[in-house]
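Trainee: Have a look at this one before I ask anything.
The values are calculated or read from the model by the stated rules, or taken from the named source; none is laboratory data. Here the structure is a predicted model, which means the values were calculated and not measured. Cβ: placed from backbone, ideal geometry, glycine included. Neighbour counts: every protein chain shown. The protein model used for the area step is the full one, side chains on, heavy atoms only, and it has no ligands, DNA or RNA in it. Shrake-Rupley method; radii C 1.70, N 1.55, O 1.52, S 1.80 Å.
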Amino acid sequence: MCGIIGYVGENQAVPVLLGGLKKLEYRGYDSSGIGVLHPEKAQIVLRKSDGKIKNLEKLIAKQPFPKSTIGISHTRWATHGAPNKVNAHPHADGSGHILIVHNGIIENYELLKKDLKKRGHTFKSDTDSEVIAHLIESYYKGDLFAAVKKAIKKLNGAYALGVISSYHPDLLIAARIGSPLIIGCGKNENFIASDAPAILDCTRRVIYLKDGHMATLSKSQIKVFDFNGKVVKPKIDRITYSLDAVAKQGFDHFMMKEMHEQPDVLKKMLASCIKGKQVVLDGWNLSEQQIKNISNITIVACGTAYHAGMVGRYIIEALAGISVNVDVSSEFRYRNPILSKKSIVIAISQSGETADTLAAVREAKQKGAKIVSICNVLGSSLARESDAVLYTHAGPEIGVASTKAYTAQLGMLYLLAIKLAMVKKYISTSEINTLITQLKKVPSLYTKILKTKTSIAKIARTNSHFGCFLFLGRNINYPTAMEGALKLKEISYIPAEGYAAGEMKHGPIALIDEYRAVVCIATESDTYEKMISNIQEIRSRKGKVIAIATEGDKNISKHATHVVYVPKTHKLLTPLLAALPLQLIAYYISVKRGCDVDQPRNLAKSVTVE
Ligand code: AGP
């Protein structure tokens, strides 16, 4: 949520900042801005624009920057204040000599603003962020680092911060609490960024700035401190993924590219975690005795990751016989979750920076639970705060709609459930072996489904005019229905509801008429007949049905308006397969309706505010 990139070095700052912003646009895209220090005068130079980064680019072409070697920039996802040019970052102090970019929310900004106003400060924007620039100004006595250090002590909330000042032409300051920020270490140049893709073509050496740490960067030096100013020795990590991973590689959209990566992601995961007949999870550090002692599991996650967690409940309960509770992270703290030292909390998050999930994890930790995270982004806050991390290694996911991260989360949940099942001996070894054999086949089944995308596209386009969709599933595919609905609504803006099919008669059936389309997950299962009854109920009320069914099912076409077939697999594995056609349906409807597939309105990839 919001993207920051800052540069100090011997090269021109603006091309680096603009290039970096484009790579971070997935984090927020309602307005953007760049601020640099004038190379000759003690001045800051600012260009800001509403809308996407291409608007900022056009503005810079018309009003070029002077050649500067230090600057900060930002792409915004609005929280406080409308998405417009005035509220776009960077924000300057009253004197116009101090410039900040901020990601996060300053919860006490109203109080701070009131106080600063009393002391003669005037504000230009409606943002919470602008108070930071004024606070720094109020503490500035010739030492920018000291002023920033004092200012951040006054802030409540979450922030990743970049600061420059025309008083200090070779100094970039960074600080963070709760919002991600990395430092890129170059040769005679250094960087700050919200995420690695922004700086990947400049350097692969990065420092993941920790919560409660700040840093000073010049072109030749990086120093890291805690908030009391005590020097901290930073750890330099190396980013290993290729630049190709963050490019579209010939696909029209990142989402399409990422859907096509699913066979490979799963294949690699299975190859690295299944050794003979054993499941070996790198990062898993619970002993057999600890597994035997697990009293209950709670899964916390948001959005798509929450749906993965819901599938996880069915799998773990079925395979390992452990009771599982699944919570939306943002609600977890508001009840009184009963946890103990024998409880395991599994936090699922692609980004590992989702504020709600981090808050849930902190709550669970306080109650004594052990935290296992399933996470995609290496070195993320969630990974650092967990007792054990199971990385999905799905590679960077740029499309805001999660696809490969979801199926990778599912893949990891299957592996984890099998691991638990082996220790708990809840199901027989032969049942486990059958499941593993079938699981290994899923990557090639993905490839098979992707080959049918043209016919899926046709069905999607035929139904793209419907103003409302219902997604129904039962049992382990109830979460699949919810995920299908989320995918469609987020990228096509069509109201879509995901329901347990059994619940249809308790309300949603009132929606059904000839203007509604209903997607029914009717793959081979113990509840197949019940799904057919649901389909008949919809058809008799003139609703249109798109059924997701198992190859070889000759009966389904008698009932459904359209059928999308997925290959036959183990019943428990059907969520892995059914996810893919639902992603494709959402994608093609979005394209047909002319929506922005990769950057849907109002959304951001990584939700770092609560
Ligand atoms: C997925 O399509 C969504 N964009 C969103 O629901 C996402 O899954 C959610 O915000 C959680 O993100 P995380 O996995 O990074 O924690």
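Trainee: Any idea of the accessible area per residue across segment 161-291, 1.4 Å probe, to the nearest Å²?
Mentor: On a per-residue basis, 45 Å².
Trainee: While we're here: Please list the non-local residues whose amide H lies under 5 Å from the amide H of His74, H modeled 1.01 Å from N, same-chain partners needing a gap of 5 or more.
Mentor: Ile5, Gly33
Trainee: Shape verdict for segment 501-600, please, from the Cα gyration tensor: rounded (a/c under 1.5), prolate (a/b greater than b/c) or oblate.
Mentor: Oblate, because a/c is 1.5 or more while a/b does not exceed b/c.
Trainee: Calculated FRET efficiency, Ala247 and Arg384, Cβ-Cβ r, R0 30 Å, to nearest 0.05?
Mentor: 0.60
Trainee: Just the accessible area per residue of segment 48-146, please: how many Å² with a 1.4 Å probe? The partial results should precede the final answer.
Mentor: Working: 4370 Å² over 99 residues.
For segment 48-146, the per-residue accessible area is 44 Å².
Trainee: What shape does segment 3-240 take by its C-alpha gyration tensor, where a ≥ b ≥ c are the square roots of the eigenvalues and a/c under 1.5 counts as rounded, a/b above b/c as prolate, and the rest as oblate?
Mentor: rounded
Trainee: Also, quick follow-up: Provide the net charge surrounding Asp237, with neighbours chosen by a C-beta distance below 10 Å and charges set as Lys +1, Arg +1, Asp -1, Glu -1.
Mentor: On the way: positive: Arg204, Arg205, Lys235, Arg238; negative: none.
Around Asp237, the charge tally is +4.
Trainee: Whole-Hz ³J(HN,Hα) for each residue in segment 520-537, computed from phi via Karplus 6.51 cos²θ - 1.76 cosθ + 1.60 with θ = phi - 60°, x for glycine and proline: what do you get?
Mentor: Computed from phi, the couplings for segment 520-537 are 10, 8, 10, 6, 3, 6, 6, 9, 3, 4, 5, 5, 4, 4, 4, 4, 4, 4 Hz.
Trainee: Ok, one more. Counting alpha carbon pairs within less than 8 Å and at least 6 residues apart, what relative contact order, in whole percent, applies to the chain?
Mentor: Values: 1391 pairs, mean separation 71.0, N = 610.
12 percent.
Trainee: A follow-up question, please. Report, in debye and to the nearest 20, how large the dipole of segment 3-240 comes out about its Cα centre when Lys and Arg carry +1 and Asp and Glu carry -1 on their Cβ.
Mentor: Numbers: 35 positive and 22 negative charges, 40 e Å.
The dipole of segment 3-240 has a size of about 200 debye.
Trainee: Once the Cβ-Cβ distance between Gln43 and Lys67 is put in as r, and R0 is 22 Å, what FRET efficiency do you end up with, to the nearest 0.05?
Mentor: Efficiency, rounded to the nearest 0.05: 0.95.
Trainee: Right, another one. Taking H placed 1.01 Å from N in the peptide plane, check which residues at least 5 places from Ile274 or on another chain put their amide H under 5 Å from its amide H.
Mentor: Counting only residues 5 or more places away or on other chains, the set is Val280.
Trainee: Of the heavy-atom accessible surface of segment 452-610 (probe 1.4 angstrom), what whole percent is carbon and sulfur? Working shown, then result.
Mentor: Working: 3150 of 6240 Å².
Ligands and nucleic acids excluded, carbon and sulfur give 50 percent.
Trainee: Now for a separate question. List, in order, the whole-Hz ³J(HN,Hα) value for each residue of segment 327-336 obtained from phi through the Karplus relation with A = 6.51, B = -1.76, C = 1.60 and θ = phi - 60°; use x for Gly and Pro.
Mentor: Rounded to whole hertz, the list is 10, 5, 3, 5, 9, 3, 6, 8, 9, 10.
Trainee: Using Cα-Cα distances under 8 Å and only pairs 6 or more residues apart, what relative contact order does segment 3-240 have, in percent? It would help to have the intermediate numbers written out before the result.
Mentor: Numbers: 612 pairs, mean separation 47.5, N = 238.
20 percent.
Trainee: Of Lys487/Lys605; Lys48/Lys153; Lys113/Lys150; Lys365/Lys425; Lys268/Lys605; Lys22/Lys149, which ones are farther than 20 Å apart at the Cα?
Mentor: Pairs exceeding the cut-off: Lys48/Lys153; Lys365/Lys425; Lys268/Lys605; Lys22/Lys149.
Trainee: Would you work out which of Ile239, Leu171, Ser194 lies farthest towards the positive end of the dipole of segment 150-241? Charges go on Cβ: Lys and Arg +1, Asp and Glu -1.
Mentor: Leu171
Trainee: For segment 5-22 and segment 89-108, what is the separation of their Cα centres, given in Å?
Mentor: Segment 5-22 and segment 89-108 have Cα centres separated by 19 Å.
Trainee: Also, quick follow-up: For the residue pair Lys505 and Asn55, what label-to-label distance in nm results when each label sits 7 Å from Cα along the Cα-to-beta-carbon direction?
Mentor: In this crude spin-label approximation the distance works out to 5.2 nm.
Trainee: Oh, and also: So if R0 is 22 Å, what FRET efficiency would Lys150 and His80 give, r being the distance between their Cβ atoms, rounded to the nearest 0.05?
Mentor: Working: r = 23 Å, r/R0 = 1.04.
The calculated FRET efficiency here is 0.45.
Trainee: Mind ordering 598-606, 252-260, 353-361 by average Cβ neighbours within 10 Å, highest first?
Mentor: The peptides rank, most packed first, as 353-361, 252-260, 598-606.
Trainee: If a paramagnetic tag sat 7 Å from the Cα of Lys277 along the Cα-Cβ line, which residues of segment 413-430 would have the backbone N under 20 Å from that point?
Mentor: Correct set: 415-430.
Trainee: In sequence order, what are the phi-derived ³J(HN,Hα) couplings for segment 397-413 according to the Karplus relation 6.51 cos²θ - 1.76 cosθ + 1.60 with θ = phi - 60°, rounded to whole Hz, with x for glycine and proline?
Mentor: Here the 3J(HN,Hα) series is 10, 9, x, 5, 6, 6, 10, 5, 5, 5, 5, 5, 4, 4, x, 5, 5 Hz.
Trainee: Let me ask something else. Give me the accessible area of His80, 1.4 Å probe, in Å² rounded to the nearest 10.
Mentor: 40
Trainee: While we're looking at this one, here's another question. Using amide H atoms built 1.01 Å from N in the peptide plane, name the residues 5+ places from Glu551, or on other chains, whose amide H lies under 5 Å from its own.
Mentor: Residues meeting the amide H criterion: Val566, Lys568.
Trainee: Distance between the C-alpha centers of segment 126-168 and segment 422-468? Whole Å please.
Mentor: 51
Trainee: OK, next. Where the accessible area of segment 128-232 is counted over protein heavy atoms with a 1.4 Å probe, how much of it, in %, is carbon and sulfur?
Mentor: After summing per-atom areas, the C and S share lands at 47 percent.
Trainee: Turning to a different aspect of this structure: With just the Cα atoms defining each centre, how far is segment 318-354 from segment 495-543? Give it in Å.
Mentor: Between the Cα centres of segment 318-354 and segment 495-543 lies a distance of 30 Å.
Trainee: While we're on this one: Relative contact order of segment 452-610: what whole-number percent is it, with Cα pairs under 8 angstrom and at least 6 residues apart?
Mentor: 27
Trainee: Would you please classify the overall shape of segment 248-448 from the alpha carbon gyration tensor, given that a ≥ b ≥ c denote the square roots of the eigenvalues, rounded means a/c under 1.5, and beyond that prolate means a/b larger than b/c while oblate covers the rest?
Mentor: oblate
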